[in-house]
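Undergrad: Supplied in structure tokens, the structure appears directly below.
The values are calculated or read from the model by the stated rules, or taken from the named source; none is laboratory data. On a predicted model such as this, the values are computed, not experimentally measured, just so you know. All Cβ positions, even for glycine, are placed from backbone atoms using ideal geometry, and neighbour counts span all protein chains on display. Note: accessible area is taken over every heavy atom of the protein model, side chains too, but ligands, DNA and RNA are not part of it. Shrake-Rupley method; radii C 1.70, N 1.55, O 1.52, S 1.80 Å.
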Amino acid sequence: MKENGERINMQHRKLVTDTSCPRCGERAETIDHFFRECLVTVEVVLPGVLNSSILINAAFLDVHFRQYGETETQEYIIKRKSAKIKETRSWRCPPRESVKINFDGAFGRQNNISASGIVARNDEGCILLSCSETHKEVTSAFAVEALACQKAVRMGLENTWPEVIVEGDSLVVIKKCNSKDQDKSMIGAYISDIQQMVNRKTINGTKHFVFKHIPRIANAIAHKIATETLKRKEEFYLEKKVPEYAQKQRFLEWVRKPD
């Protein structure tokens, strides 16, 4: 991480001409971009760092300290430890009279074919429907996650469920869906479409959507559907059940207390 933020300085010294982030390719590579904006860092690097013993690594904390100061660094550590303790480790039923739609995406880097998996359940944990889709020419894992989220929202709109919770394990996508700012990243078009669909129904008062981030372990059925669909190249749409390969996980999650 020592190199992060150095590209700007190297440009001033005329050692490099391209200051864009080598991970996501968007914006100049500064320390602030690395920690707060870079899609690859937020989604891939930091979760692994913050969920391991590296959390207290002196080099990591030193970078944070130099950027944000002592008080923010101390608060940062406390919040991360608290979040880790409270982290949901298994899928939970939604509140009464609500429907929870879980989504996940599987990215096929070699052949540019990706897949999304969706499962909707009611407040008793019963399967309402499940489905999957394959996608061609998707350019990144972030894009396929956004496509899966988009599909989940459309599913919520097409059915008569007034309260819908959309859950996924992509922190980037969930944060962007909850943001009121215009998204200018490479998945901005998908996020804009999601927000417009949700806002139209919210203004009309016909539906209420909530976007929640969960760990991968609590998103197991949607993940299984996405990865198996990518492997088998088979799409499906099922009412009141999931594919046979997801039945085991479905029974493991059958009885859970509401959120």
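Undergrad: What is the extension gain from Asn159 to Glu72, computed as 0.36 nm multiplied by their sequence separation minus the C-alpha to C-alpha distance, in nm to one decimal?
TA: 26.9 nm
Undergrad: From zero outward in steps of 10 Å, how is the percent of C-alpha pairs of the stretch 98-255 spread across the bins?
TA: The distribution over the stretch 98-255 is 12, 43, 35, 9, 0, given as percents.
Undergrad: Sticking with this structure for a sec: HN-Hα J couplings of the stretch 236-249 from phi, Karplus 6.51/-1.76/1.60, θ = phi - 60°, integer Hz, Gly and Pro as x?
TA: 7, 9, 10, 9, 6, 6, 10, x, 4, 5, 9, 5, 4, 5
Undergrad: How high is the FRET efficiency from Cys126 to His208, r the C-beta distance, R0 22 Å, rounded to 0.05?
TA: Once the sixth-power term is evaluated, E becomes 0.60.
Undergrad: Okay, next question. In whole Hz and in residue order, list the ³J(HN,Hα) couplings for the stretch 166-175 that follow from phi through the Karplus curve 6.51 cos²θ - 1.76 cosθ + 1.60, θ = phi - 60°; x for Gly and Pro.
TA: Rounded to whole hertz, the list is 9, 10, x, 9, 8, 4, 4, 5, 5, 5.
Undergrad: Among the trypsin sites (Lys or Arg not before Pro) within the stretch 145-206, which fall in a DSSP loop and have no more than 12 other Cβ atoms within 10 Å of their own Cβ?
TA: Values: sites: Lys151, Arg154, Lys175, Lys176, Lys180, Lys184, Arg200, Lys201; in loops: Lys180, Lys184.
In loop regions of the stretch 145-206 (DSSP not H, G, I, E or B), the sparsely surrounded trypsin sites (Lys or Arg not before Pro) are Lys180, Lys184.
Undergrad: Ranked from highest to lowest mean number of other Cβ atoms within 10 Å per residue, what is the order of the peptides 223-233, 242-252?
TA: By packing density, highest mean first, the sequence is 223-233, 242-252.
Undergrad: Considering only DSSP states other than H, G, I, E and B, which GluC sites (Glu not before Pro) in the stretch 122-196 qualify as loop sites with at most 13 other Cβ atoms within 10 Å?
TA: Glu124, Glu137
Undergrad: Would you mind pulling out the separation of the Cα centroids of the stretch 201-247 and the stretch 129-165, in Å?
TA: 8
Undergrad: Would you mind telling me the share, in percent, of accessible area of the stretch 98-255 contributed by carbon and sulfur at probe 1.4 angstrom?
TA: 48
Undergrad: Could you report the stretch 98-255's accessible area per residue, 1.4 Å probe, as an integer in Å²?
TA: Value for the stretch 98-255: 49 Å² per residue.
Undergrad: Taking 0.36 nm per intervening residue step and subtracting the Cα-Cα distance, what contour gain separates Asn112 from Phe236 on full extension?
TA: Separation in residues times 0.36 nm, less the Cα-Cα distance, equals 42.6 nm.
Undergrad: I've got another one for you. Probe 1.4 Å, all protein chains in place: accessible area of Ile113 in Å², nearest 10?
TA: Spelled out: Ile113, probe radius 1.4 Å, area about 40 Å².
Undergrad: Provide the net charge surrounding Ala148, with neighbours chosen by a C-beta distance below 9 Å and charges set as Lys +1, Arg +1, Asp -1, Glu -1.
TA: Residues near Ala148 contribute -2 overall.
Undergrad: Taking the Cα centre as origin and putting +1 on Lys and Arg beta-carbons and -1 on Asp and Glu beta-carbons, what dipole magnitude results for the stretch 98-255, to the nearest 20 debye? Write out the running numbers ahead of the final one.
TA: On the way: 23 positive and 19 negative charges, 29 e Å.
Using Cβ point charges on Lys, Arg, Asp and Glu, the stretch 98-255 gives about 140 debye.
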